[in-house]
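The values are calculated or read from the model by the stated rules, or taken from the named source; none is laboratory data. All values reported here derive from a predicted model rather than from experimental measurement. So basically every Cβ, Gly included, is an ideal-geometry build from the backbone, and we count neighbours across all protein chains shown. Quick note on the areas: whole protein, heavy atoms, side chains included, nothing else; ligands and nucleic acids left out. Shrake-Rupley method; radii C 1.70, N 1.55, O 1.52, S 1.80 Å.
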Amino acid sequence: MSSLTFILSVLLFQLLCTSHPCQRILTSAAAGGRWQLLQKSIGISAMHMQLLSNDRVVVFDRTDFGPSNLPLPKGKCRFDLNDTALKQDCTAHSIEYDVLSNKFRPLMVQTDVWCSSGAVTPNGDLVQTGGFNDGERKVRVFSPCSSCDWQESNNGLAARRWYSTNHILPDGRQIIVGGRKQFNYEFVPKNIAANTFDLPFLFETTDREVENNLYPFVFLNVDGNLFVFANNRAILLDYVKNKVVKRYQTIPGGDPRSYPSTGSAVLLPLKNLKASAIQAEVLVCGGAPKGSYSQATQGEFIGALKTCARIIITDPNPKWVIETMPLARVMGDMILLPNGNVLLINGAGSGSAGWEFGRNPVLNPVLYRPDNKIGTRFETHTPTKIPRMYHSTAALLRDGRVLVGGSNPHTYYNFTSVLFPTELSLEAFCPPYLEAKFNNLRPTIVGPNSMSGISYGKTLTLEMEIRGKVEEKLVWITMVAPAFNTHSFSMNQRLLVLGNDKITALGESRYNIEVRTPRSGNLAPAGFYLLFVVHQDIPSMGIWVKLQ
């Protein structure tokens, strides 16, 4: 970013911090965090969400809804003879939300993006794939500029992709895994392989008539292979050789965690990045017991799972370790926070994914501290007033808030005669680290003014300001990859703890902090990341960096 842009961003953030509703709304001492209503209506339901490197969030739902509550500008209309709801539609089904101004503008998608997937390329473009009906083989691109709109290519995919998962690879391509009736994977762009590659594991994990293996949880392991979780078990896939190199045991209890028995999962923060062998660990939380979806279709709503399962995927003999959450949760989202903690948010206490198949909204976010001892890791926070059920979303923002939107986008945007009506609002959850009482501990990144490009395996120096007493051993730097969020899974979500190699006092509450950047694309694929300085668990505002 330019020097002027950087300075303006810092000043704007400081202004927000002094007058921010996150710091002015009072809550009880028993619960942490605060909620901020950003928009009563954005005109569409936030079914899919991706933060881009210009601090704008691309949001979209589906095109076969009928007219939304947001008109397209200048008389634009979409003509689609294949649309199942409306052949000519002059309303938007996608928006670009500007975080800094709290404003949004309508965007135009041409084909149905319902239950699709995506990831951000190394140059910062959102490449979005698949969907329903005439969108099932489309590839769409959205570039981060103030006037950009969706660009679509026909038959960009070799197979129909609906409920699939994308992940950025070290070579910059996206791998697209699975989807409804697709037991295979493929790559975008088609510069190396134009075909699909069979993945029998996806067929093996399909529950008859229910599936329970859609939107598989996919993470890039530190060895360059892919950890792929579906239903209740996982494999390690060498996608180059199309070979399964490891099979992991079934989660104890055997209950499904994938759509429609929707749990969520994260790759926990990667640490000790200078070590010859780096540990990688996956956490899977929530979901629905066996039979929940079928029972929900009959009006019986089984209580959601209350367990998390954690596994060190790099161990020679990995085993799942089970923990108990304070609240049972299905259709919840798991968001990595800048300090390395995990936020569990959204979802229901019973039922499964699907319209009106969930009951008992879970309004309280829960914080998970992965470095604490078992039994002390969970902390329940202040509840929202808005149920976030099926098709809700969440995304980390550069200022440390978590953007939340969506829920139950019914055909024709139905707001009546349904238990959980279509939800068009956007709100933000402000974790406790944003409270004003931590301002003296909160770092501010002063410079350099531009971090447009950083290289692998190099020393990086930041100048920071901390007003209060500095605990040097409790200062570290993290890098977070913004994720594509839909259906309770944040694709491409990744956090690396760069640590703290050296701190030098400069005077007047200012310090230099030196760290080493990740050594390879297996640890951090090239692209845009949010860089944070964390002091005593309190993160700074992030700055955008491009790893290349």
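Filtered by the rule that a residue be among the charged types (D, E, K, R), under 24 Å from the mean Cα position of the chain (by Cα) and not in a strand (DSSP E or B), segment 262-281 gives a lone residue, LYS271. Selection of segment 436-445 for residues being touching a residue at least 12 places away in the same chain (Cβ under 8 Å) and surrounded by fewer than 17 Cβ atoms within 10 Å (Cβ to Cβ) yields ALA436, ASN439, ASN440. The set of residues in segment 37-55 that are buried (at least 24 other Cβ atoms within 10 Å of the Cβ) and either among the small types (Gly, Ala, Ser) or outside any loop (DSSP other than H, G, I, E, B) (or both) comprises SER45, ALA46, HIS48, MET49, GLN50, LEU51. For first residues located in segment 280-300 and farther than 28 Å from ASP223 by Cα, partners that are among the acidic types (Asp, Glu) and open to solvent by 30 Å² or more (accessible area, probe 1.4 Å) and lie 6+ apart or on another chain with Cβ distances below 6 Å form the pairs PRO289/ASP255; LYS290/ASP255. All told, VAL284 falls short of being touching a strand residue (DSSP E or B) at 6+ places or on another chain (Cβ under 8 Å), open to solvent by 10 Å² or more (accessible area, probe 1.4 Å), outside any loop (DSSP other than H, G, I, E, B) and in the same structural domain as LEU336 (by the TED database).
Listed here are the residues, each with its yes/no results for (1) assigned by the TED database to the domain that holds LYS246; (2) crowded, with 23+ Cβ neighbours inside 10 Å; (3) part of a loop (DSSP other than H, G, I, E, B).
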{"site": "ASN123", "(1), (2), (3)": "yes, no, yes"}
{"site": "ASP134", "(1), (2), (3)": "yes, no, no"}
{"site": "CYS148", "(1), (2), (3)": "yes, no, yes"}
{"site": "ARG160", "(1), (2), (3)": "yes, no, yes"}
{"site": "ILE175", "(1), (2), (3)": "yes, no, no"}
{"site": "GLY179", "(1), (2), (3)": "yes, yes, yes"}
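Can you find a residue that is part of a loop (DSSP other than H, G, I, E, B), of a type in the set (Ser, Thr, Tyr), open to solvent by 10 Å² or more (accessible area, probe 1.4 Å) and modelled with pLDDT of 95 or more anywhere in segment 352-368? The answer is no, given that none of the residues of segment 352-368 is part of a loop (DSSP other than H, G, I, E, B), of a type in the set (Ser, Thr, Tyr), open to solvent by 10 Å² or more (accessible area, probe 1.4 Å) and modelled with pLDDT of 95 or more. When you look at GLU423, is it touching a residue at least 24 places away in the same chain (Cβ under 8 Å), not in a loop (DSSP other than H, G, I, E, B) and not assigned by the TED database to the domain that holds LEU506, yes or no? No; evaluated as a whole, the condition is false for this residue. Selection of segment 136-146 for residues being in contact with a strand residue (DSSP E or B) (Cβ under 6 Å, 6 or more places away or on another chain) and assigned to a loop (DSSP other than H, G, I, E, B) yields only LYS138. For PHE79, the test of being open to solvent by 30 Å² or more (accessible area, probe 1.4 Å) and over 30 Å from GLY400 (Cα atoms) is passed. Filtering segment 457-509 to residues that are in a loop (DSSP other than H, G, I, E, B), open to solvent by less than 20 Å² (accessible area, probe 1.4 Å) and within 25 Å of VAL284 (Cα to Cα) leaves ALA483, HIS487, SER488, GLN493. Restricting attention to segment 200-221, report how many residues are crowded, with 23+ Cβ neighbours inside 10 Å and either in a loop (DSSP other than H, G, I, E, B) or not assigned by the TED database to the domain that holds ALA265 (or both). Here the count works out to 5.
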